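Since the structure comes first, as structure tokens, the remarks are kept for the end.
The values are calculated or read from the model by the stated rules, or taken from the named source; none is laboratory data. Small disclaimer: the values here were computed from a predicted structure and weren't measured. Every residue, glycine among them, receives a Cβ derived from its backbone with ideal geometry; neighbour counts consider all protein chains shown. Quick note on the areas: whole protein, heavy atoms, side chains included, nothing else; ligands and nucleic acids left out. Shrake-Rupley method; radii C 1.70, N 1.55, O 1.52, S 1.80 Å.
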Amino acid sequence: MSEAVNRDAVLAFIRQHSLAALASVNPLGGPQAAVVGFVITDDFEIIFDTLASTRKARNLADNPSIAFVIGGTQPGNERTVQFEGITDIPGREERRALVDRYLTTFPDGVERQSWPGLIYLRARPRWIRYSDYGTTPPTIIEFAFAPDIEPRVL
């Protein structure tokens with residue numbers, strides 16, 4: 001199966017999911033986790049919304065490093081994607097297209113847009129690992145992305 005697993009196959013696997021476990025770093029250096037709804041672009045950018053007052057938003061404002069785990073929750077399907085990246089708030093022009101994509105998957109997000117303090121965050125990848133432990137031997141593919149991504153202040 002590893003021959004069939006490539007960038008497009010990993011992207012298709014991620015798109016089969018709409019929820020991910022997100023990890024951020026709190027001000028004391030400790031981990032914090034949450035489940036978020038997300039969409040992913042063709043460039044492997046993850047888009048999600050949250051309130052600016054949440055722990056994850058405050059953590060990411062101080063330290064834009066983020067990690068996600070996608071998949072691995074279906075019995076008998078031992079495939080996951082680990083994603084590490086840098087988070088920012090997209091600029092006005094980028095934001096509209098990204099929010100439109102998000103709202104296609106999460107139409108209830110239209111109602112949330114009126115919530116005070118709602119923000120949309122983008123996580124740009126630095127490293128992704130796809131793992132399939134249902135194959136023998138396990139299929140593990142890693143992708144590294146440009147390390148020169150400059151995070152924007154949230």
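If eta is 1.567 mPa s and T is 4 °C, what Stokes-Einstein diffusion coefficient results for region 77-134, Kirkwood Rh from Cα pairs, in µm²/s? Walk me through the numbers before you get to the answer.
Working: Rh = 13.6 Å.
It comes out at roughly 95 µm²/s.
With charges only on Cβ, +1 for K and R and -1 for D and E, what is the dipole size of the chain about its Cα centre, in debye, rounded to 20? Working shown, then result.
Numbers: 16 positive and 19 negative charges, 84 e Å.
I would put it at about 400 debye.
Quick one: which of 94-105, 55-66 comes out on top by average Cβ neighbours within 10 Å, and what's the full order, highest first?
Values: 94-105: 14.2, 55-66: 18.8.
My ranking of the peptides, most packed first, is 55-66, 94-105.
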Round to a whole number: what % of the accessible area of the chain belongs to carbon and sulfur, probe 1.4 Å? 53 percent
Residue by residue, what Karplus-based ³J(HN,Hα) values in Hz, rounded to whole numbers, does region 39-47 have, using 6.51, -1.76 and 1.60 with θ = phi - 60° and x for Gly and Pro? 10, 10, 8, 5, 8, 6, 8, 9, 10
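Find the accessible area per residue for region 1-132; the probe is 1.4 Å, ligands and nucleic acids are left out, and the unit is Å².
Numbers: 6770 Å² over 132 residues.
Per-residue value: 51 Å².
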Give the relative contact order (percent, whole number) for region 1-128; include only Cα pairs under 8 Å separated by 6+ residues. 27 percent
One point scatterer per Cα, no solvent, Debye formula: log10 I(q)/I(0) for the chain at q = 0.17 Å⁻¹ comes out as -1.01
